[in-house]
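Student: Below: one structure in structure tokens.
The numbers here are math on the coordinates, done by the rules we state, and not lab data. Keep in mind that this is a model prediction, so the values were computed, not measured. Glycine also receives a Cβ, built like all others from the backbone with ideal geometry; neighbour counts cover every protein chain displayed.
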């Protein structure tokens with residue numbers, strides 16, 4: 001239909017200029033070198049020389065930044081540790097989120113609406129503020145330790161450790177895991193479980209052989225929705241992690257703001273993007289299918 | 001007939017909600033704490049709210065954030081509505097795959113990458129960074145959320161109503177504005193609310209795209225948090241949470257009331 005295509009024009013142009021094009025700039029910058037200038041990279045296109053300027057600029061691009069990243073172990077370590085944090089946190093989220101989503105789907109419809117709202121609401125309230133709330137709880141002289149001490153228990157020193165990062169990731173992303181799981185679970189046909197019971201399955205068997213396999217689309221959706229942004233998470237490792245907590249989002253931030261190494265920040269961003277490309281395409285295909293299936 | 005929730009189901013849901021809300025409840029409670037220490041309860045006092053009123057930098061940041069939120073949410077809602085129409089109504093058009101990719105990718109893409117990409121664009125264009133570059137940054141990311149919310153509603157809308165309006169003499173544009181848009185209005189309202197709260201909340205994209213003189217509230221909170229826990233942050237957080245909760249509940253009830261009417 002032409003009309004739909006026409007409506008796409010404005011958002012298409014906007015996203016082209018402010019989303020797609022900037023990624024080409026990131027790719028270009030990752031091939032540049034750092035320079036003591038503002039902005040701090042070279043080469044830059046010298047438009048006054050016309051085509052010769054463009055040619056000189058193209059000759060100035062090289063893979064040096066990537067070679068530099070490859071030779072410094074810290075980038076590899078932070079790359080692997082980002083993937084580990086995101087993968088482990090996704091597993092924990094599945095284990096924590098599934099019983100919650102399943103429990104919600106058992107409630108009568110009116111109560112389900114209220115519960116759904118209750119799970120969505122924290123997602124709308126500030127991410128940063130919710131992480132800040134945990135800092136006040138976990139810090140050495142914080143609420144948790146005050147409670148532990150008053151009970152006569154030894155204090156826990158969790159803040160600025162990997163444990164705190166996992167806690168923060170699970171806390172912040174829990175709604176993203178529960179919602180897609182709930183979406184598949186509350187639509188499930190109850191009579192299937194009755195049929196399984198009639199055929200002699202115990203409730204546990206019925207769950208593993210009927211409910212869980214049927215909920216797999218929700219499991220994949222939730223896992224992708226959590227895993228992809230968590231790999232590049234910045235706020236949680238920065239505020240709750242220790243100085244040794246290496247994650248790519250934090251590396252990009254540090255290279256950019258502290259070290260003013262724009263090419264390195266860009267190259268790390270490209271690496272991160274290349275890693276996430278497959279999960280993002282999977283997620284997009286799922287979304288597109290949902291739309292075509294009538295939403 | 002569906003079986004009701006078992007004791008185990010109730011316990012899981014209750015524990016999940018407690019986990020989600022306990023830290024927020026503690027944050028709100030301690031914003032009224034008379035003592036400076038987070039762990040010592042010194043009685044109820046409004047002193048941190050009073051301190052907030054005298055914190056010029058914080059107030060300025062709040063004002064900047066609100067203006068950025070309203071502007072970027074409004075532009076994002078218009079663009080998001082158009083994008084939703086394109087996604088639902090058009091079958092295949094040139095570049096459709098690219099288009100839907102550009103709508104869905106920013107929803108999951110790490111913000112650090114988006115922020116860096118936008119910053120490089122502004123540097124390449126030679127634009128001075130500040131208020132307007134943050135507005136553009138927030139519009140870009142939130143328009144995708146707006147598009148997804150409106151598209152969900154639009155795909156359940158009965159198109160024959162619009163066709164009937166056209167048979168009765170409306171132009172396609174009139175039919176859209178007079179029939180379709182009022183029908184999806186609750187979703188449009190919800191989309192605006194979501195775009196607004198995401199903008200209020202954003203730290204990463206604002207930090208990359210902002211410049212001197214355009215410090216947003218999350219940037220201000222972040223720099224304070226790095227220095228340590230401060231009860232004034234609890235007070236400003238409580239106000240923000242209250243504002244967002246009222247807005248979200250209003251959008252939710254508007255949407256469920258209009259759904260019940262149909």
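Student: Could you compute how fast the protein assembly as shown diffuses translationally, taking Rh as the Kirkwood radius over C-alpha pairs and applying Stokes-Einstein at 20 °C with viscosity 1.002 mPa s? Give it in µm² per second. Mind dumping the intermediate values first?
Tutor: Details: Rh = 25.3 Å.
Roughly 85 µm²/s, to the nearest whole number.
Student: Which value at 222 nm does chain B reach when only helices count, each DSSP H run of 4 or more adding -39,500 (n - 2.57), with the total divided by all residues and rounded to the nearest 500 deg cm²/dmol? It would help to have the intermediate numbers written out before the result.
Tutor: Working: 12 runs with 199 residues, N = 262.
Value at 222 nm, helices only: -25500 deg cm²/dmol.
Student: Just for the Cα atoms in the stretch A:9-108, what are the lengths along the principal axes, largest first, rounded to whole Å?
Tutor: Reported extents, whole Å, longest axis first: 72, 45, 20.
Student: Just how many % of Cα pairs in the stretch B:54-261 lie over 23 Å apart, if you round to the nearest whole percent? Write down the numbers at each step before the final one.
Tutor: Values: 11360 of 21528 pairs.
Looking at the stretch B:54-261, the distances longer than 23 Å represent 53 percent of pairs.
Student: Something else now. For helix B:217-227, what angle does its Cα long axis make with the longest principal axis of chain B, in degrees from 0 to 90 and rounded to 10?
Tutor: 30 degrees
Student: Here's a follow-up. Please compute the contact order of the stretch B:44-155 in relative form: average sequence separation of alpha-carbon pairs under 8 Å and at least six residues apart, divided by the residue count, as a percent.
Tutor: 49 percent
Student: Enter the angle in degrees (range 0 to 90, nearest 10) between the Cα long axis of helix A:21-30 and the first principal axis of the Cα atoms of chain A, meaning the one along which they spread out most.
Tutor: 60 degrees
Student: Taking every residue in A:227-236, how many Cβ atoms of other protein chains lie within 10 Å of its Cβ, on average?
Tutor: Rounded to a whole number, the mean comes out at 4.
Student: Something else: With a bin width of 5 angstrom, please list the P(r) values of the stretch A:71-292 as percents of all Cα-Cα pairs, from the 0 bin to the one holding the largest distance.
Tutor: 1, 6, 12, 14, 15, 15, 12, 10, 7, 5, 2, 1, 0, 0
Student: Can I ask one more? Rounded to the nearest 500 deg cm²/dmol, what is the calculated helix-only ellipticity per residue at 222 nm for chain A, with -39500 (n - 2.57) per DSSP H run of length n ≥ 4?
Tutor: -22000 deg cm²/dmol
Student: Right, here's the next one. Rounded, prolate or oblate for the stretch A:82-186? Axes are the square roots of the Cα gyration tensor eigenvalues, ordered a ≥ b ≥ c, and the cut-off for rounded is a/c under 1.5.
Tutor: Details: a/c = 2.21, a/b = 1.72, b/c = 1.29.
Here the stretch A:82-186 falls in the prolate category.
Student: Do me a favour and compute the ellipsoid semi-axes for the stretch B:20-99 from its Cα gyration tensor, root of five times each eigenvalue, largest one first, whole Å.
Tutor: So the three semi-axes of the stretch B:20-99 are 46, 18, 9 Å.
Student: Tilt of helix A:51-60 relative to the longest C-alpha principal axis of chain A, in degrees (0 to 90, nearest 10)?
Tutor: Helix A:51-60 sits at roughly 60 degrees to that axis.
Student: Relative contact order of chain A: what whole-number percent is it, with Cα pairs under 8 angstrom and at least 6 residues apart?
Tutor: 24 percent
Student: Remind me, relative contact order of the stretch B:176-262 in percent, using alpha carbon pairs under 8 angstrom and six or more residues apart?
Tutor: Dividing the mean separation by the residue count of the stretch B:176-262 yields 43 percent.
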